[in-house]
Amino acid sequence: SSNYKTLAVAGTHGKTTTTSMISSCLIDAGKDPTVHIGGILDSIGGTTSIGKSSYFVTEACEYKDSFLKFHPYLGVILNIEPDHLDYFRDLDHIYDSFLHFSDQISPDGFLIGNADDERVARLLERTNRLPISYGLTSPKAVWTARNISFDENGFALFNVVYNKKSLFRMKLSVPGLHNVSNSL
């Protein structure tokens, strides 16, 4: 709906975790978003929560091009890899669908993408939307993490870095390096 500022998270994998992280940040900030997630988020007591603000956070799944029904203000693309080959002809077909998704972002909106993924990095270079890149290894990433360490549970502690300037230390409550990337 045009009454919402939609934040749609797309990618071959990591959508549920990243959508949950974004939703939790907005909830903790008192923004009261409407949320639709493909998994259960404890803080909303399920998969869907109707908020009172104009924010709508959702997963945007590429299967059968269902994510092309969204026209988000902010689109996130985590990765583009071979998947759902019962529907997509090949990786080029998948890439073209993600390209179409990025073109559907509001003209005054943003495309956030993982610069560590070669195909997503290519989309960031060609988008007509404001691109915002993140990543752990790509020199093209504007947002990154440095001084990463892990506690005994595998939870990361790291510096969040924007434009080569360290902003703050972050501690995650989920394990794995992939979640450092998801959190960015």
When every residue in segment 128-137 that is more than 21 Å from Val57 (Cβ to Cβ) and touching a residue at least 24 places away in the same chain (Cβ under 8 Å) is compared, the one least open to solvent (accessible area, probe 1.4 Å) is Gly135
| message | I'd like to check something: does segment 80-90 contain any residue that is under 14 Å from the mean Cα position of the chain (by Cα), farther than 15 Å from Thr6 by Cβ and open to solvent by less than 50 Å² (accessible area, probe 1.4 Å)? | response | yes
From the option list Thr12, Thr19, Thr6, single residue qualifying as within 22 Å of Lys171 (Cα to Cα) and under 13 Å from the mean Cα position of the chain (by Cα) is Thr19
Here the residues within segment 96-123 that are open to solvent by 30 Å² or more (accessible area, probe 1.4 Å) and assigned to a helix (DSSP H, G or I) are Asp96, Leu99, His100, Asp103, Glu118, Arg119, Arg122
Notebook entry, point to check: Is there a residue being β-branched (Val, Ile, Thr), in contact (Cβ under 8 Å) with a residue 60 or more places away in the chain and assigned to a loop (DSSP other than H, G, I, E, B) anywhere in segment 74-88?
Noted result: yes
- [ ] For Leu157, state whether it is within 13 Å of Leu184 (Cα to Cα) and in a loop (DSSP other than H, G, I, E, B).
- [x] no
If we keep only residues of segment 35-52 that are part of a strand (DSSP E or B), open to solvent by less than 70 Å² (accessible area, probe 1.4 Å) and hydrophobic (A, V, I, L, M, F, W, C), then the residue nearest to Ser173 (Cα to Cα) is Leu41
Please tell me if Asp32 is surrounded by 13 or more Cβ atoms within 10 Å (Cβ to Cβ), modelled with pLDDT of 90 or more, assigned to a loop (DSSP other than H, G, I, E, B) and not hydrophobic (A, V, I, L, M, F, W, C). yes
| query | Is there a residue in segment 53-67 that is open to solvent by 60 Å² or more (accessible area, probe 1.4 Å), under 24 Å from Asn128 (Cβ atoms) and either in a loop (DSSP other than H, G, I, E, B) or hydroxyl-bearing (Ser, Thr, Tyr) (or both)? | reply | yes
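The values are calculated or read from the model by the stated rules, or taken from the named source; none is laboratory data. All of these numbers come straight from a predicted model, not from anything done at the bench. Cβ atoms come from the backbone with ideal geometry, glycine included; neighbour counts cover every protein chain shown. All accessible areas refer to the heavy atoms of the entire protein, side chains included, with ligands and DNA or RNA removed. Shrake-Rupley method; radii C 1.70, N 1.55, O 1.52, S 1.80 Å.
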